[in-house]
């Protein structure tokens, strides 16, 4: 674990976590695709690709429809939810939300 860097911990007792360090969306997704995915979904897709790559399976010799990665999340898109609610609260009261607000929050869409 290390000090939390994703948000201000001043008002929290816990100041450390196991954050994923040095992750950059643009290293894995183009700008347009990255904007459609909450960070949890990006982690799911990238870690699934890495798991298949690390397995060293010869993908040319196996049935790709019989290979998969089990990845679970209890809830997804909380970062998206927080950002959208904060944007609304800090705005002029007009309900303007990202068109990907709901899709970015759904955990089983990945």
Legend entry - Principal-axis tilt of helix 78-90 within the chain, Cα atoms, nearest 10 degrees: 20 degrees
Legend entry - Residue among 56, 13, 24 with the largest mean-square fluctuation in a Gaussian network model of the chain, springs linking Cα atoms under 10 Å: 13
Inset, instruction - Among (1) 15.0; (2) 13.8; (3) 16.6, find the value of Kirkwood radius over Cα pairs in Å that was calculated from the structure presented, and write down its label. - result: (3)
Legend entry - Contact order normalised by residue count of the chain, Cα under 8 Å, 6+ apart, percent: 25 percent
Inset, instruction - Would you calculate, for the chain, the mean residue ellipticity at 222 nm contributed by helices, counting each DSSP H stretch of 4 or more residues as -39,500 (n - 2.57) and dividing by all residues, to the nearest 500? - result: -11000 deg cm²/dmol
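Read-outs throughout are calculated quantities, based only on the coordinates presented, and are distinct from any laboratory measurement. In this text the structure is predicted, and so the values were computed from the model without any measurement.
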